[in-house]
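Participant: The structure that follows is given in the form of structure tokens.
Each reported figure results from applying straightforward, stated rules to the coordinates on display, with no laboratory input. Note that the structure is a prediction, hence the values are computed from the model and not measured. Here Cβ is always computed from backbone atoms with ideal geometry, including for glycine, and neighbour counts include all displayed protein chains.
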2 protein chains.
Amino acid sequence: MQRTSVNVGLLGFGTVGTGVVRIISAHQEDLVKQTGMGVNIHKILVRDRDKPRSVPGMEHLVTDRAEEILQDPAIDVVIEVMGGIHPAKEYICAALERGKHVVTANKDLMALYGAEILTLAKERGSDVFYEASVAGGVPILRALEESFSSDRITKIMGIVNGTTNYILSKMSQDGASYEEVLKEAQALGFAEADPSSDVDGIDAARKMTILSTLGFRVPVALEEVVVKGIRGVTQDDIAFGKKLGYEIKLMGLAQRDDDKIEVSVEPTMVHHSHPLASVNGVFNAVYVYGEAVGETMFYGPGAGELPTATSVVSDLVMVVKNMKLHVNGQGMVAPYKEKRMKEETEKLSKYFLRMVVTDQRGVLARITQLFADNNISLGQVIQQPLPESEEAEIVLVTHEITKHDLRQVLLALADMDVTKEIKSWYRVEGGDE
Amino acid sequence: MQRTSVNVGLLGFGTVGTGVVRIISAHQEDLVKQTGMGVNIHKILVRDRDKPRSVPGMEHLVTDRAEEILQDPAIDVVIEVMGGIHPAKEYICAALERGKHVVTANKDLMALYGAEILTLAKERGSDVFYEASVAGGVPILRALEESFSSDRITKIMGIVNGTTNYILSKMSQDGASYEEVLKEAQALGFAEADPSSDVDGIDAARKMTILSTLGFRVPVALEEVVVKGIRGVTQDDIAFGKKLGYEIKLMGLAQRDDDKIEVSVEPTMVHHSHPLASVNGVFNAVYVYGEAVGETMFYGPGAGELPTATSVVSDLVMVVKNMKLHVNGQGMVAPYKEKRMKEETEKLSKYFLRMVVTDQRGVLARITQLFADNNISLGQVIQQPLPESEEAEIVLVTHEITKHDLRQVLLALADMDVTKEIKSWYRVEGGDE
């Protein structure tokens with residue numbers, strides 16, 4: 001018998017779940033035209049059945065018993081938008097075990113257990129799609145998986161956390177402090193009451209795990225991502241950065257050289273001529289460099305009910321098309337390259353350094369000599385006396401050096417008698433070499 | 001018998017063809033890993049068999065007889081990178097008739113005969129992919145077809161012609177004239193000896209035909225695109241635009257309101273806060289607005305041997321994957337929406353107008369009164385006396401009006417005794433409403 005509709009079980013009815021229900025209902029006609037099948041929300045798992053919902057007429061579909069979805073043979077596709085690791089993982093695996101297909105927006109889960117889940121899906125001939133897990137409405141996973149399949153991607157840079165990008169953009173535009181802007185972001189709902197996962201870079205690291213695994217075809221683990229958050233970024237850093245032509249962004253970096261890779265998340269000075277420098281507010285963008293294609297960038301909303309739900313439902317459309325063709329579980333390419341992580345002596349970058357020194361004759365010469373002695377050449381240098389003190393501020397941008405060299409020169413600087421304090425250092429992207 | 005490799009016939013061995021051969025040869029191992037099959041260039045159609053080639057070792061594959069490719073049953077996929085309408089169309093149709101799959105980079109052909117070719121492919125169960133036809137290395141077609149399948153796209157704006165974007169960027173950066181920059185672009189190989197197809201907007205119009213057909217699921221015809229090129233853009237336009245916060249870009253626009261659409265290509269004043277304003281040089285970008293997803297943008301190289309070839313070979317990977325799964329010819333969704341084009345009374349935009357008037361008291365008041373009498377409110381106004389003359393220049397930006405209203409007010413302005421000349425008018429995108 002020819003099926004005319006697909007039954008969906010929804011795990012979670014929060015922001016994204018609500019968006020999914022809205023989009024499926026608003027675009028039913030288009031879904032039928034594109035897939036040849038209707039899409040029917042069959043059941044929705046909620047924590048509290050009595051909580052009022054902003055989408056009316058769904059009361060008869062909600063349940064607080066997961067097995068009513070996971071064990072219902074009528075349900076073809078499970079959409080997981082409840083978030084968190086447990087029990088989301090158990091639910092997804094149970095759905096796959098029973099031959100259901102899965103669409104998820106869960107970056108935490110995919111960063112930690114993506115390989116396990118994708119392997120199980122492949123064994124069972126089921127689809128698992130997760131476009132919404134990185135950069136909400138931006139279709140970057142499909143681009144990495146399919147559109148650049150013939151290229152060799154060597155660099156992925158992402159502004160993939162809207163909260164921190166909002167905070168840093170606001171600090172840059174308004175001259176406000178980190179604490180002030182964080183409070184404002186919390187009031188506006190752009191930051192959580194406990195903002196750690198965002199401001200400490202954890203959320204971005206999860207997304208970079210997913211992006212680098214797909215882009216490099218190498219199984220990157222979350223704990224291999226070197227992470228530094230934005231709590232230490234000051235107005236002075238931002239102001240001096242601007243003087244030299246840079247904006248500070250919390251940047252996810254995945255880079256491959258000679259088949260060794262590095263993946264990191266850290267506040268980075270991005271030259272204003274770089275396309276990522278003008279990505280502001282809660283927007284996300286992922287910059288991809290391929291040996292053949294060169295520079296590309298994908299820009300869009302990083303979160304939000306409808307953008308994220310758009311990615312979820314577009315994944316659902318793929319599942320339904322695959323069901324029609326009986327080719328589920330075939331689309332994904334498992335990582336097949338050997339993983340070799342770079343040592344610190346192999347990680348090359350320009351760096352921005354800011355320090356306070358004794359304001360005396362010859363100090364700049366001594367400091368620049370120290371860099372020369374360490375075989376580090378300098379691009380830009382600013383020296384500026386600090387008002388009402390005997391001290392001066394020195395800011396400089398190096399040419400490309402290894403992270404190992406950076407650590408050596410930071411130690412040597414700290415040892416100098418004229419050095420009062422090394423205020424900060426940042427990776428630098430873009431600008432003249 | 002399990003096939004282990006796919007045979008490709010290449011039509012054309014120019015810039016893109018050379019790139020295709022290079023990428024297939026450099027990435028053979030990755031292609032096998034991703035598709036489970038090797039890719040073998042079986043034959044290459046050239047005009048002149050004796051012409052020296054930059055890729056060595058291909059001499060035994062070249063032929064000047066198309067039938068050696070089109071009639072060879074060993075060839076599974078035909079890649080058409082010869083360009084032009086005839087005989088490319090006949091070759092592609094002959095390949096499809098014989099059950100071969102087709103990948104093409106030919107925007108001219110797809111803009112004119114896309115519907116016919118896709119229909120034939122569907123009948124024959126063959127794939128036709130053409131990602132490289134729009135914005136070279138930028139995977140925008142797949143994004144429109146798949147990633148936004150669940151959304152309702154209402155606006156597509158594209159900087160989709162690298163030559164004109166290079167010319168306008170250079171004019172803006174260097175203050176040089178259109179003629180000077182065009183000559184320079186020709187010398188650098190960024191513009192053809194006969195630049196008409198680029199500078200008159202024809203090339204961009206072809207790409208907008210393809211983008212709007214895919215994005216709106218409506219069969220847009222090339223002759224329905226309203227086109228104006230960049231030959232008339234002057235330094236004065238650029239300078240006054242900058243004063244008001246705008247950059248001039250040759251902008252493809254496809255817009256849908258209440259299920260009526262408009263598609264145009266014309267030089268447009270783009271506010272510097274808009275992500276398209278900073279797309280410079282030969283880069284391309286396509287901005288997509290969806291009701292659910294909101295603002296997104298795709299940015300990358302618009303042309304060039306390797307970027308375009310990357311898109312071609314990624315399409316080839318899709319074909320090969322589909323061959324493995326026996327699902328060729330199933331992926332495409334034909335336009336299914338009724339086409340209703342907007343009248344000029346339904347096309348809304350802000351406009352920039354620049355005119356020379358008699359420099360006498362009250363002239364600005366009379367002109368602004370004329371706009372008020374036509375129910376047009378104004379956003380920005382500049383009046384500036386012209387040196388050594390009795391004349392002044394007036395530049396103004398309207399609020400949203402219809403194209404019909406624009407024509408009415410242009411006629412009324414031309415009728416005024418104080419009006420010496422209406423120098424230019426441009427659509428305006430972005431900035432305050």
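Participant: Quick one: dipole size for the range B:97-240, taken about the Cα centre, charges +1 on Lys/Arg Cβ and -1 on Asp/Glu Cβ, in debye to the nearest 20.
Facilitator: Details: 15 positive and 22 negative charges, 116 e Å.
That gives a dipole near 560 debye.
Participant: If I fit a long axis through the Cα atoms of helix B:305-325 and take the longest principal axis of the Cα atoms of chain B, what angle between them do I get, 0 to 90°, rounded to 10?
Facilitator: Approximately 50 degrees, to the nearest 10.
Participant: Please compute the Kirkwood hydrodynamic radius of the range B:294-402 from all pairs of different C-alpha atoms, in Å with one decimal.
Facilitator: Values: mean 1/r = 0.0501 Å⁻¹.
One decimal place: 20.0 Å for the Kirkwood radius.
Participant: Follow-up. Which residue, chosen from B:Val39, B:Ser424, B:Ala26, occupies the Cα position most advanced towards the positive end of the dipole of chain B, where the dipole is computed from +1 (Lys, Arg) and -1 (Asp, Glu) charges on Cβ about the Cα centre?
Facilitator: Going by the charge dipole, the pick is B:Val39.
Participant: Pairs of Cα atoms under 8 Å, at least six residues apart: use those to get the relative contact order of the range A:140-300, whole percent.
Facilitator: On the way: 299 pairs, mean separation 54.9, N = 161.
Dividing the mean separation by the residue count of the range A:140-300 yields 34 percent.
Participant: May I pose another question? What distance in nm separates the two pseudo spin-label positions at A:Ala176 and B:Ala74, each 7 Å out from Cα along the beta-carbon direction?
Facilitator: 7.0 nm
Participant: Among A:Met341, B:Met318, B:Met208, A:Met297, which comes first, then next, by fewest other beta-carbon atoms within 10 Å?
Facilitator: On the way: A:Met341 15, B:Met318 21, B:Met208 31, A:Met297 24.
With the fewest neighbours first, A:Met341, B:Met318, B:Met208, A:Met297 line up as A:Met341, B:Met318, A:Met297, B:Met208.
Participant: Cα centroid distance between the range A:122-179 and the range A:400-417, in Å?
Facilitator: Between the Cα centre of the range A:122-179 and that of the range A:400-417, the gap is 32 Å.
Participant: For the range A:140-300, with the dipole built from +1 on Lys and Arg beta-carbon atoms and -1 on Asp and Glu ones, taken about the Cα centre, which of A:Met269, A:Val293, A:Tyr246 lies farthest toward the positive end?
Facilitator: A:Val293
Participant: A follow-up question, please. List the distances, in nm and shortest first, from the label point of B:His326 to the matching label points in every other copy, placing each point 7 Å from Cα along the Cα-to-Cβ direction.
Facilitator: B:His326 label point versus its equivalents elsewhere: 0.7 nm.
Participant: For the Cα atoms of chain B, what angle does the longest principal axis make with the long axis of helix B:403-415, in degrees from 0 to 90, nearest 10?
Facilitator: 40 degrees
Participant: Can you count the Lys pairs in the range B:140-300 whose Cα atoms are under 17 Å apart, with each pair 8 or more apart or on different chains?
Facilitator: Taking the Cα cut-off of 17 Å, the pair count is 9.
Participant: Give the separation of the Cα centroids, the range A:14-46 to the range A:80-94, in Å.
Facilitator: Here the two parts' Cα centres lie 20 Å apart.
Participant: In units of 2.2 N^0.38 Å, what is the alpha-carbon radius of gyration of the range B:13-149?
Facilitator: Values: Rg = 15.1 Å, N = 137, 2.2 N^0.38 = 14.3 Å.
Scaled against compact globular proteins, the figure is 1.06.
Participant: Amide H to amide H, which residues 5 or more places from B:Ser424 or on other chains are under 5 Å from it, using H placed in the peptide plane?
Facilitator: Answer set, sorted by chain and number: B:Arg354.
Participant: May I pose another question? To the nearest 20 debye, what charge dipole does chain A have about its Cα centre, counting +1 at the Cβ of each Lys and Arg and -1 at the Cβ of each Asp and Glu?
Facilitator: The calculation lands at about 1120 debye.
Participant: Read phi for every residue in the range B:149-155 and hand back ³J(HN,Hα) as whole Hz from Karplus 6.51 cos²θ - 1.76 cosθ + 1.60, θ = phi - 60°, with x for Gly and Pro.
Facilitator: Calculated HN-Hα couplings, in order: 4, 8, 10, 10, 7, 10, 8 Hz.
Participant: Then there's this: Provide the per-residue ³J(HN,Hα) series for the range B:260-269, in order, calculated from phi with Karplus coefficients 6.51, -1.76, 1.60 and θ = phi - 60°, each as a whole number of Hz, with x at glycine and proline positions.
Facilitator: 10, 10, 9, 9, 8, 9, 7, x, 9, 7
Participant: When only C-alpha pairs under 8 Å and at least 6 residues apart count, what is the relative contact order of chain B, in percent?
Facilitator: Working: 889 pairs, mean separation 70.6, N = 433.
Dividing the mean separation by the residue count of chain B yields 16 percent.
Participant: While we're here: Across 10 Å bins from 0, what is the distribution of all Cα-Cα pair distances for the range A:117-225, in whole percents?
Facilitator: Values per bin, smallest distances first: 13, 36, 30, 17, 5, 0.
Participant: Now, a different point. Mind listing the label-point distances from B:Ser389 to the same position on all other copies, shortest first, one decimal in nm, points 7 Å along Cα→Cβ?
Facilitator: Taking the point 7 Å beyond Cα along Cα→Cβ, the inter-copy spacings are 5.8 nm.
Participant: Here is a follow-up. Over the Cα atoms of the range A:344-429, what Rg and Dmax result, in angstrom?
Facilitator: For the range A:344-429, the Cα-based Rg and Dmax read 12.5, 43 Å.
Participant: Let me ask something else about it. Calculate the FRET efficiency for B:Val381 and B:Glu116 from the Cβ-Cβ distance with a Förster distance of 51 Å, rounded to the nearest 0.05.
Facilitator: The calculated FRET efficiency here is 0.55.
Participant: What do you get for the angle between helix B:178-188 and the principal long axis of chain B? Use alpha-carbon atoms, 0 to 90 degrees, nearest ten.
Facilitator: Tilt relative to chain B: about 20 degrees.
Participant: By DSSP, what percent of the beta bridges with both residues in chain B are antiparallel, rounded to the nearest 5?
Facilitator: Working: 54 of 79 bridges.
Percentage antiparallel, nearest 5: 70.
Participant: Still on this structure, I have one more. Compute the label-point distances linking A:Lys242 to its equivalents in the other copies; points lie 7 Å from Cα along Cα→Cβ; give nm, one decimal, shortest first.
Facilitator: 2.2
Participant: Another question, then. At 37 °C and 0.692 mPa s, grab the translational diffusion coefficient of the protein assembly as shown from Stokes-Einstein with a Kirkwood Rh over Cα pairs, rounded to a whole number in µm² per second. Write down the numbers at each step before the final one.
Facilitator: Details: Rh = 29.2 Å.
Roughly 112 µm²/s, to the nearest whole number.
Participant: Taking the simple approach of a point 7 Å from Cα along Cα-to-Cβ for both B:Glu90 and B:Thr4, what is their distance in nm?
Facilitator: 3.9 nm
Participant: Quick query: amide H of A:Met297 versus all other amide H atoms, modeled in the peptide plane; which residues come in under 5 Å with a sequence gap of 5 or more or a different chain?
Facilitator: A:Val288, B:Tyr299, B:Gly300
Participant: Another question, if that's okay. P(r) of the range B:140-300 in 10 Å steps, Cα pairs, percent per bin?
Facilitator: So the P(r) values, bin by bin, are 11, 41, 33, 13, 2.
Participant: Determine the gain in length on full extension of the stretch B:Ala221-B:Glu59; use 0.36 nm per residue of separation and subtract their C-alpha separation, reporting nm with one decimal. Walk me through the numbers before you get to the answer.
Facilitator: On the way: separation 162, 0.36 × 162 = 58.32 nm, distance 4.06 nm.
Once the chain is fully extended between B:Ala221 and B:Glu59, it gains 54.3 nm.
Participant: Here is a follow-up. Taking amide H positions as placed in the peptide plane 1.01 Å from N, state which residues far from B:Ala135 in sequence (5 or more) or on other chains have amide H under 5 Å from it.
Facilitator: Counting only residues 5 or more places away or on other chains, the set is empty.
Participant: Turning to a different aspect of this structure: Using the Kirkwood radius over C-alpha pairs as Rh, can you work out the diffusion coefficient of chain A via Stokes-Einstein at 20 °C, viscosity 1.002 mPa s, in µm² per second? Walk me through the numbers before you get to the answer.
Facilitator: On the way: Rh = 23.4 Å.
Value of D from the Cα-based Kirkwood radius: 92 µm²/s.
Participant: Would you kindly derive the ³J(HN,Hα) couplings of the range B:385-394 from the backbone phi angles with the Karplus curve 6.51 cos²θ - 1.76 cosθ + 1.60 (θ = phi - 60°), listing them in order in whole Hz, with x for Gly and Pro?
Facilitator: Karplus-based 3J(HN,Hα) across the range B:385-394 equals x, 8, x, 6, 7, 9, 10, 9, 9, 10 Hz.
Participant: Quick one: dipole size for the protein assembly as shown, taken about the Cα centre, charges +1 on Lys/Arg Cβ and -1 on Asp/Glu Cβ, in debye to the nearest 20.
Facilitator: On the way: 92 positive and 124 negative charges, 391 e Å.
Once rounded to the nearest 20, the dipole reads 1880 debye.
Participant: Looking at the protein assembly as shown, what % of its DSSP beta bridges pair antiparallel, to the nearest 5? Present the calculation step by step, with values, prior to reporting the outcome.
Facilitator: Numbers: 111 of 161 bridges.
Counting DSSP beta bridges with both partners in the protein assembly as shown, the antiparallel share is about 70 percent.
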